[in-house]
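In what follows, a single structure is set out as structure tokens and then discussed.
The values are calculated or read from the model by the stated rules, or taken from the named source; none is laboratory data. Just so it is clear, the structure is predicted and the values come from calculations on it, not from any experiment. Counting neighbours? That spans all protein chains shown, and the Cβs are built from the backbone with ideal geometry, glycine included.
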Amino acid sequence: MSTLEIVDLAPGDDAGLRAWVAVTADSLRHELGRHATPWTAEELAVVVSQDDGLRRDSFHLGLVDGEPVVAGWLAVRLLDNLDGAQVDVHVQPDHRRRGHGARMLDHVEQLAAAAGRSRFDARAQWHHDGPPDGAGTPGIGFAEARGYRFGIGEVQRELELPVDDELLARLAADAAPHHASYRIEAWQGPVPDEIVESWLAVWSTLPTEAPTGESEREEEAVDVAAFRASEQVQARQGRTSWHAVARDDSGDVVAYTELVVPSYEPDVVFQWGTLVRRDHRGHRLGTALKVANLRDLQQGADVAGRRLVTWNAEVNAPMVGINELMGFVPRARSAELQRHAG
């Protein structure tokens with residue numbers, strides 16, 4: 001029987017990176033069809049060649065007789081969550097149940113342990129028609145057999161673009177009387193210097209302010225220099241951010257939302273984080289910001305034919321409610337999974 005050879009990918013290994021992307025994309029599309037959102041080779045090449053100061057990523061490819069059959073990923077935070085590591089494994093559908101996934105998971109977990117990490121975070125994905133807890137799905141079955149426990153379930157929702165501006169205008173008008181004392185601002189590109197620290201003060205709490213279920217997380221570090229480096233990495237990947245924030249009377253950012261338009265993935269736009277600071281909730285700022293940002297995007301970019309993709313914890317009723325008002329529909333499910341070593 002042929003054995004699995006694991007190769008740690010390095011900058012400049014274009015063939016290896018393309019193979020890694022192909023394995024990952026085939027695996028995700030096998031589970032999710034057109035609703036999969038894998039990285040492109042162009043985006044991956046940037047991450048391999050440059051740390052952003054916030055996180056270090058490594059990518060690993062498993063080969064049998066020279067054929068790529070399994071892909072592994074490891075990410076470790078550099079300024080916070082110093083006991084944690086993000087791990088991911090994908091196996092070509094026709095090469096599953098041969099132990100390749102287990103071998104690759106062993107490899108990335110060992111690398112994480114060598115970096116002093118003892119908490120491993122992972123994700124499994126499946127079609128929305130499947131059960132909320134993923135019971136019986138390949139990803140959940142594999143993870144549970146390896147000692148990972150279910151943390152929280154999420155739903156991937158999608159919205160075909162462009163959205164009718166009359167709907168967005170109506171949602172904005174309905175929310176406006178509730179946030180009259182706040183200033184809403186929207187822009188394309190990097191976060192302005194004058195608000196970057198207060199923006200980061202909100203942004204850094206998303207991992208703990210969003211529902212976490214049984215998963216353990218820490219807030220992310222507020223480090224302007226590292227954040228600016230991450231913006232540069234994103235720009236090199238061909239990803240453009242569109243932001244909207246709410247500012248209070250003092251000028252501080254108290255809520256934010258972010259859309260990301262990738263140039264190498266012409267059929268999607270990503271809805272990244274949206275968060276309102278706890279002491280400013282109840283003013284429909286979440287709705288106001290998401291609507292303002294989407295209107296700004298649609299006025300400033302050609303998004304026809306793209307779909308807006310977002311992920312929310314299934315129990316996050318306020319954000320799910322906003323998305324449903326905007327017309328998002330559920331397309332896939334996922335779960336955050338976690339294992340503690342030892």
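For region 178-236, enumerate the residues that are in a loop (DSSP other than H, G, I, E, B) and modelled with pLDDT of 95 or more. Answer for region 178-236, where residues must be in a loop (DSSP other than H, G, I, E, B) and modelled with pLDDT of 95 or more: 179, 180, 181, 182, 189, 190, 191, 192. Every listed requirement among (1) touching a Lys or Arg at 6+ places or on another chain (Cβ under 7 Å); (2) on the phi < 0 side of the Ramachandran plot is met by residue 152 save one, (1). The set of residues in region 33-49 being outside any helix (DSSP H, G or I) and either closer than 22 Å to residue 107 by Cα or outside the structural domain of residue 106 (by TED's automatic domain parsing) (or both) consists of 38, 39. Hey, among the residues in region 1-32 that are on the phi < 0 side of the Ramachandran plot, of a type in the set (Gly, Ala, Ser) and not in a helix (DSSP H, G or I), which one's modelled with the highest pLDDT? Restricting to residues being on the phi < 0 side of the Ramachandran plot, of a type in the set (Gly, Ala, Ser) and not in a helix (DSSP H, G or I), the top hit is 10.
Checked against (1) at pLDDT below 95; (2) surrounded by 14 or more Cβ atoms within 10 Å (Cβ to Cβ), residue 92 passes all but condition (1).
Scanning region 237-256 for residues that are over 14 Å from residue 183 (Cα atoms) and assigned to a loop (DSSP other than H, G, I, E, B) yields 237, 238. Only a single criterion out of (1) without any contact (Cβ under 8 Å) to a residue 60 or more places away in the chain; (2) surrounded by fewer than 18 Cβ atoms within 10 Å (Cβ to Cβ); (3) under 28 Å from residue 170 (Cβ atoms) is not satisfied by residue 224, namely (3).
Taking the conditions (1) in a loop (DSSP other than H, G, I, E, B); (2) loosely packed, with under 13 Cβ neighbours inside 10 Å in turn, residue 173 satisfies each one other than (1). Restricting 338, 271 to residues that are buried (at least 18 other Cβ atoms within 10 Å of the Cβ) and farther than 23 Å from residue 163 by Cβ narrows the list to 338. Residue selection: residue 169 fails the criterion of being touching a strand residue (DSSP E or B) at 6+ places or on another chain (Cβ under 8 Å) and either hydrophobic (A, V, I, L, M, F, W, C) or closer than 21 Å to residue 104 by Cβ (or both). For region 103-112, does any single residue satisfy the condition of being out of contact with any Leu (no Cβ under 7 Å at 6 or more places or on another chain), assigned to a loop (DSSP other than H, G, I, E, B) and surrounded by fewer than 13 Cβ atoms within 10 Å (Cβ to Cβ)? No: zero hits. The set of residues from region 50-64 being of a type in the set (A, V, I, L, M, F, W, C), touching a helix residue (DSSP H, G or I) at 6+ places or on another chain (Cβ under 6 Å) and not in a loop (DSSP other than H, G, I, E, B) comprises 59, 61.
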